[in-house]
Each structure stands twice: as C-alpha cells, then as structure tokens.
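The values are calculated or read from the model by the stated rules, or taken from the named source; none is laboratory data. The structure presented is a predicted model; accordingly, all values stated were derived computationally and were not measured. Reconstructed Cβ throughout: ideal geometry from the backbone, glycine too, with neighbour counts over all protein chains shown.
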Amino acid sequence: MKNILIILLIVSFTLSSGCSWLGWGNDESGEDETAGYTEKDFYDKIQSSLNSGNWTIAIRNLQLLESQFPFGNYAEQAQLELIYAQYKSADYEASIASSERFIRLHPQHPNVDYAFYVKGLSEISQTSGFFDSFLPTDSTMRDIGTARNSFTTLTELITRFPDSPYAADARARLISLRNLLARAEIHAANYYFSRGAYLAAANRGRYVVEQFQQTPAVPDGLAVAAQAYHMLGMEKESQHAIRVMRQNYPNYPLLDDDGNFDFDGRMLSKKNSFLSRVTLGLISRKDPPAFDTRSIYDRSSNAENLIDEKCLKTDETGKEGWFSSIRSFAASLLPSEECETQTDIK
C-alpha cells in the first residue's frame, strides 16, 4: 500500500511539473519574439492576428503593447482592441473587466460608448449556455443576474449616448432582455405556486404587470395575480386582475366565452405522473398552477437576426485600419438603416 502511495505521488508530481520540463505554457518565447518591437511593429503584428482571427496572440500582443508603451500613440486604441479581441475569444469576464477599466480611465473618450456596448454584449453572452448553439434551451430558466447587468449597461449606453451608432442595436437588445426578465419572473411565480407560497407568487405577477408593460409575459402576470389572490382568499384583488385580463387579453386560454377565469385549469399539467401510473390512477396529486403562453403572445424580436452583411465596410482608402475589425464587428450588428449614418472610430 505504501509503495502505491509513493508511485501516485511521483506520477502526480510528474504531471504537474511536466509542462514546465517540456517548455509548454512558457510565455518567454513570445516575449523574446517581440523584444525590441516598436509601436509600428506591434501594430502590424496585431493587425495580422486580428485579421486572421488569432485572438490569443492578438490579446497577448495588445497587453504587451500597452505595458511597453503605456503613453504611446496607440495606448487607448489598444485598450479598445483588447476589449474586442477578448469578446471574440469568448473570454467575456475579461472583456467586461477591460471595458470597465476603459470607462473608468477614459470617461470622456470619444469612443467610450463602444466600451459600454461590448460590455453589454459580453454580459448578454454570459446568459447563454455552451449547448445553446446545439440544443433548444430556455435561457429564461437560468440565472438572469448577468441579463440584469446587461440591461443596466445598455440602458446607460442609450441614456448617455442617444446618438451613438450602437444605440439602435442596444435598444433592440433591451427589448429582448425585458422579455427575458419578465418571463423569468413568471417562472419564479410558477415555482412559488408549487411550494404553496401564494403571496410570493402574487407579488411576482404584480411586478411583471407593473414593471414590464408591453412584454409578452403580461398576460401570464395577470393570470398569476388572479390565481394567487384567489388562493389567498382575496377575491376583490383577484377579480380586478381578471377584469384587466378580460379587457386586454380576451382570448387568454383560461378565460371562457363569458369571460370567467378557470381557477382549476392547468396550463402546464403533468399528465400521467409516476405516482398515478404506479397506482393505476388510484393515487394522483393535483398539479399546482403554472402559466406559460409564450406560444400565443410572444412576439419578441431576436437580436441576433439584426446582422446585415451589407453593412460590413473598410476604410475609404480600401486599406484595413487599426479599428477596421471593430468597425466591421459593430457594423454587422447594426440594423440596415443605420449603415449610411455610421461613423468610423478614430
């Protein structure tokens, strides 16, 4: 047994230190390669890396450029390029941190709106899971903390810079984010129903109706409030929610032809539960209330569909400039009507 432990320790030590013995992960070679580089040398190398999509090398050289020429002609530009490269490499935490640093150091910079914009995009990307590109997933069922952060960031962008070339896309994304946040509140209310916390569910429903007006979740917010108040014995409040629903959403699935709300209806009923199948239907539990009418009322726009390849442009000279990658990236996210008024970052 003792010999086995010794062997395991030797193997662990070998694996942990093997990379250094073999020279893997050693960044000194990268630093030696750029030794003696001028700003122009860094410029050419960084542009080559950005154009080829080699984000790792671009990020490393951008950081080296800033450290070696902190007050150079390209220092502030390099910080913006770093934000972009980190976003493209899917290192969203680093992109957010770099954006916040640029905003803090250069609050009056003419391109500070770009830092806000990419920070918001990075926070949106954090709400997406790894499998979202391969499997149909429901982002409203996940933690929405980063979605709230993105909403705050993009709201500040359009408030401080209403004429920014990124404002139009930010507004479109805010619509999608409001829909996501509102739907998350409905999911929370459905959970509270399953736990018997009817007052908490009622508060969620009211919050959606009051704070997320004109979102597809409002009909379910009214239904949540009507159901929860009914189960609390607060019939006056319940009937008020039903009247509002009847006036604005007369085709809601739980309203009958006379406009009466079906409190016993279950929109997300779990039929043939395991307990019911095992006991051949002798024992079954009544499903808690749950509401989800996205298939009927959800008309939210998909911000990813705003990409317009016609907006991709280069400099007037036809040559790739320092911010060409940023301009192309930003332009690809702008609605087509913004293409003619887009201004270059300089």
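For the reader, a short list of remarks on this structure follows.
- Selection within the stretch 207-225 - in a helix (DSSP H, G or I) and within 25 Å of the chain's Cα centre (by Cα): Tyr207, Val208, Val209, Glu210, Gln211, Val218, Pro219, Asp220, Gly221
- Any hit, the stretch 124-134, residues being closer than 25 Å to Leu154 by Cα and either buried (at least 20 other Cβ atoms within 10 Å of the Cβ) or at pLDDT 95 or above (or both): yes
- Unique residue being over 19 Å from the mean Cα position of the chain (by Cα) and either crowded, with 20+ Cβ neighbours inside 10 Å or among the charged types (D, E, K, R) (or both) when the list is Ala200, Ala228, Ala182, Ala170: Ala228
- Looking across the stretch 152-177, the residues that are in a helix (DSSP H, G or I), under 21 Å from His109 (Cβ atoms) and of a type in the set (S, T, N, Q) come down to Thr152, Thr153, Thr155, Thr159.
- Tally of residues being outside any helix (DSSP H, G or I), in contact (Cβ under 8 Å) with a residue 40 or more places away in the chain and within 25 Å of Glu123 (Cα to Cα) across the stretch 43-91: 0
- Screening Pro250 with (1) more than 22 Å from Arg148 (Cβ to Cβ); (2) assigned to a loop (DSSP other than H, G, I, E, B); (3) in contact (Cβ under 8 Å) with a residue 60 or more places away in the chain gives one miss only, at (3).
- Yes/no for Pro107 being at pLDDT 85 or above and part of a loop (DSSP other than H, G, I, E, B): yes
- Scan the stretch 260-290 for residues that are assigned to a loop (DSSP other than H, G, I, E, B) and modelled with pLDDT of 90 or more and the total you get is 3.
- Any hit, the stretch 118-125, residues being of a type in the set (Gly, Ala, Ser) and not in a helix (DSSP H, G or I): no
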